[in-house]
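The values are calculated or read from the model by the stated rules, or taken from the named source; none is laboratory data. These numbers come from a predicted model, not from an experiment. Glycine also receives a Cβ, built like all others from the backbone with ideal geometry; neighbour counts cover every protein chain displayed.
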Amino acid sequence: MSQGLAAAAVDDGESMVKASIVYNIARFVTWPEKSDEENATNLSVCIQKDNQLATAFSNLAAAQGAGGIFQLRLIERFGVQNLECHVAFLSEEDLDYVDLSAMARDAILTISDTAGFANDGGTIEIQVIDEKIGFSVNRLIERLSSVSLSSQILQLAEKVI
C-alpha cells in the first residue's frame, strides 16, 4: 500500500471514530424541549456539506438504517438562523462566522475537533491525544444551552472545564 493510501485509510478510520463519538454522545444527552421518549430518537445532527467528516457522518447514518437514533442534515453553511438541529458539528472555518452563544441559547449541542474549541465557547471538543481520540466538555456552555450530558459522558471525558 502506498503512503498516500495508508494515510487516507488512517484519516478515514479517524473520521469514523470521531463521527461515532458524536453519535454516542448524542445518545446520552437530554434536550430541554423533548420528552424522555423523544430524547431517545429523532435527533438531528447538522454538519456542513464540505466538512471533511461529512462522508463519515453520512456512512454512519446509512449504517444505522431508517429507524436509527439520528438523522443527518448536510447544510450549505452554518449561520445565526435556527438550524432545527440538536447537534452541530463545526469545522474550524465554521467558527469564523458562527455565534456559539446563540447556538447555546437555542439548545444546540456544539461539537468540534478544532483545538481550543471547548475553551473558546464550544460545548464538546474532540481531541487526539497520544494517538487516542477523546473529548473535553465545557460545563458552563452545557448549562447555558440547557442541554444535559449524562454522568456517563462526563466520566468518559478527558477534561471537564
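From the list Ile141, Ile111, pick out the single residue that is surrounded by 15 or more Cβ atoms within 10 Å (Cβ to Cβ) and in contact (Cβ under 8 Å) with a residue 60 or more places away in the chain. Outline the logic, then answer.
Details: Ile141 fails: in contact (Cβ under 8 Å) with a residue 60 or more places away in the chain.
Unique residue meeting the criteria: Ile111.
If I ask for residues that are surrounded by fewer than 19 Cβ atoms within 10 Å (Cβ to Cβ) and at pLDDT 90 or above, which ones from region 55-80 would you list?
Thr55, the sole residue that qualifies.
Is there a residue being modelled with pLDDT under 90, crowded, with 21+ Cβ neighbours inside 10 Å and under 21 Å from Ser20 (Cβ atoms) anywhere in region 81-90? Step through it out loud before you land on a result.
Quick first cut of region 81-90, residues modelled with pLDDT under 90 only: 81-85.
With the extra rule that they be crowded, with 21+ Cβ neighbours inside 10 Å, the set shrinks to 85.
Now restrict to residues that are under 21 Å from Ser20 (Cβ atoms): 85.
Scanning region 81-90, I find at least one residue that is modelled with pLDDT under 90, crowded, with 21+ Cβ neighbours inside 10 Å and under 21 Å from Ser20 (Cβ atoms), so the answer is yes.
Kindly evaluate Gly116 against the criterion of being without any contact (Cβ under 8 Å) to a residue 12 or more places away in the chain and under 19 Å from Ala157 (Cβ atoms).
yes
Out of the residues in region 140-161 that are in a loop (DSSP other than H, G, I, E, B) and β-branched (Val, Ile, Thr), state the one that is farthest from Gln127 (Cα to Cα).
Ranking the qualifying residues of region 140-161, first place goes to Val147.
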